[in-house]
Amino acid sequence: MKASDLFVKALEAEGVDYVFGIPGEENLDLLESLRRSKIKLVLTRHEQAAGFMAATYGRLTGKAGVCLSTLGPGATNFVTAAAYAQLGGMPMLMVTGQKPIKTSKQGHFQIVDVVGMMQPLTKLTRQIVSIGNIPAAVREAFRRAEEERPGASHLELPEDIAHEEGDGKPIPRSFSRRPVAEEKAIARAVSAIEAARHPLLMIGAGSNRKTTCKMLHELVDQTGIPFFTTQMGKGVIDEAHPLWLGNATLSDGDFVHRAIDHADCIINVGHDVIEKPPFFMRGADGHEKTVIHVNFLGAQVDPVYFPQIEVVGDIANAVWQIKERLTKKPNWDFARFTEIKQHLEEHLKKGQDDPRFPMYPVRIVRDVYDATPEDGIVCLDNGMYKIWFARYYRAHKPNSLLLDNALASMGAGLPSAMAAKIVYPQRKVIAVCGDGGFMMNSQELETAVRLKLDLVVMILRDDAFGMIRWKQENMNFPDYAMTLQNPDFVAYAKSYGAHGHRVESADRLAPLLTECLSTSGVHVIDVPIDYSDNERVLNREIKRLSARL
């Protein structure tokens, strides 16, 4: 058996359905083996996009998404995607080629130390040096990528090793169970919650697992403890729930931060400090809250996060154990949380019908929300609009608003939407991108059209790097080096075979979204956006209104 055939058989044994990427001459043996397998190669136009797609596939399925590149420049194009998966907790395997390692007549042409380059960005990185290494290397790469906390792994398959002949067979997946939290830790957590006056539940990205979602729903319904989410925890519990207190989108000064200030015990489920900490444990008065850390791994202690109680183990099981022991207490007082919730709801309604054009961000969020079915998926790139969507968009299901608040890389919106559509072909999918982020991987429109995906791509155009301009203004610096010149996005879309649309009034977006979502093909919508209220609303109005509470 040829080594490349064994490698592909090992991928098949792991249940791989898709490989995303661009091959090169160094992995033509592997390409031929893929051609003869049941695995589908999704050929992209850039390796970074392939990496984003593989990471999103892993995020949505829990199985490592696989991406492929050649050596040198192809492999270096994976770097951003590796960090995206590693920081975002998305299981992914990168497979790269390399020149022959036994004999090579090309010197060091195109050779970089890819294994060394990937070392700080992955959970595992390894060069395969013989056919006999393949079964164990592939099994370990998947195991490491998928085990908690998920992340990126990397295997390098040199050209001469891929061509080797030998024997071997894949190593089957083993049965394993995650360790469960220790009984004394559960008892300490329950005791702290029951003794509190104002307990509050915080939901982070690590809670976004099917069984954990179910357990958290039951915990909230059983106890009546209010909850809020981090950006990457949106949708774990339906945000239409009456006990939802908002999303910690802004670093401070929002209505949700008044609830955090009031809480004397915060049950932190599935959050780690890779995503911005939404609260500081020691306030200006020196008072410390009791914080209970519930996660797969122990806390990463730093100056703003040092939980007093750690419940370490399978999160779903830990929440179930807490739920089974916890009973409602007469000393609990949630009146203040209810008051904060009322003020938050009033503020979230502001701007939903704003008629201005270019369009107001809150109006855009409302129109996207109204047009998207409850099980639809909205995939955000990274830009100023992410803050508006995270705060104002109600996510009703897990992974229904995909955003990245870990690496927060621009250019991921379109590829992640394409991956979402591949995983869930029957669900409606919208990519929401800024003009800056869209142009970083806009070539993938051709991939989406070639794959015959039914996809809506919204480009929120301000002809600038809007988020950095907002920060620049906030720091009282003059407006400098932020303005862009964009192509005609309608013509650009049509040049790829997609449908191009331009919104020319605020009333046009909602019906256009409905039309595009119900029509096959790739639809690109150019939406001019008005960010003039960024500073007033996000930095001043919200803080002023919430400070009154």
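Antiparallel versus total DSSP beta bridges in region 183-344: what percent is that, nearest 5? Spell out each step's value before the answer.
Numbers: 2 of 21 bridges.
In region 183-344, approximately 10 percent of DSSP beta bridges are antiparallel ones.
For region 6-57, the orientation-averaged shadow of the C-alpha convex hull comes to 3.6 nm² (one quarter of the hull surface). Computed from Cα atoms, the angle from the helix 134-146 axis to the main principal axis of the chain rounds to 10 degrees.
The Cα center of region 507-531 and the Cα center of region 470-496 differ in position by 20 Å.
Residue-normalised convex hull volume from the C-alpha trace of region 349-539: 113 Å³ per residue.
Karplus-derived 3J(HN,Hα) values for region 10-15, using 6.51 cos²θ - 1.76 cosθ + 1.60 with θ = phi - 60°, are 5, 5, 4, 5, 8, x Hz; glycine and proline are entered as x.
Given a cut-off of 26 Å, name the pairs among LYS63/LYS397; LYS214/LYS543; LYS350/LYS386; LYS123/LYS276; LYS234/LYS350; LYS99/LYS123 whose C-alpha atoms lie farther apart than that in the structure shown. Show your work: numbers first, answer last.
On the way: LYS63/LYS397 20 Å; LYS214/LYS543 34 Å; LYS350/LYS386 18 Å; LYS123/LYS276 22 Å; LYS234/LYS350 21 Å; LYS99/LYS123 24 Å.
From the list (LYS63/LYS397; LYS214/LYS543; LYS350/LYS386; LYS123/LYS276; LYS234/LYS350; LYS99/LYS123), the Cα-Cα distance tops 26 Å for LYS214/LYS543.
Taking the C-alpha atoms only, the angle from helix 413-423 to the longest principal axis of the chain is near 80 degrees.
Legend: Rg and Dmax of region 170-219, from Cα coordinates, 15.6, 55 Å. Over the C-alpha trace of the chain, radius of gyration and Dmax come out as 24.3, 79 angstrom.
How large is the direction-averaged shadow of the alpha-carbon convex hull of region 3-162, in nm²?
7.8
Note on VAL112 and LEU41: with the Förster distance fixed at 35 Å, the Cβ-Cβ geometry gives a FRET efficiency of about 0.90. Each distinct pair of alpha carbons in region 217-341 adds a 1/r term; the inverse of their mean, the Kirkwood radius, is 15.2 Å. Using only the alpha-carbon atoms, how far is helix 79-88 inclined from the longest principal axis of the chain? Give it as 0 to 90 degrees, nearest 10. Between helix and principal axis, roughly 40 degrees.
Run through the DSSP bridge list for the chain and note the antiparallel percent, rounded to the nearest 5.
Numbers: 4 of 69 bridges.
In the chain, DSSP labels about 5 percent of beta bridges as antiparallel.
The Cα atoms of region 483-545 cover 48, 29, 17 Å along the three principal axes, with the biggest extent listed first. Model label sites at LEU549 and ARG173, defined 7 Å from Cα along the beta-carbon direction, differ in position by 4.3 nm.
Coordinate-derived values only; no laboratory data. Source: prediction; values computed, not measured. For neighbour counting, all protein chains shown are included, and Cβ atoms are generated from backbone atoms with ideal geometry for every residue, glycine included.
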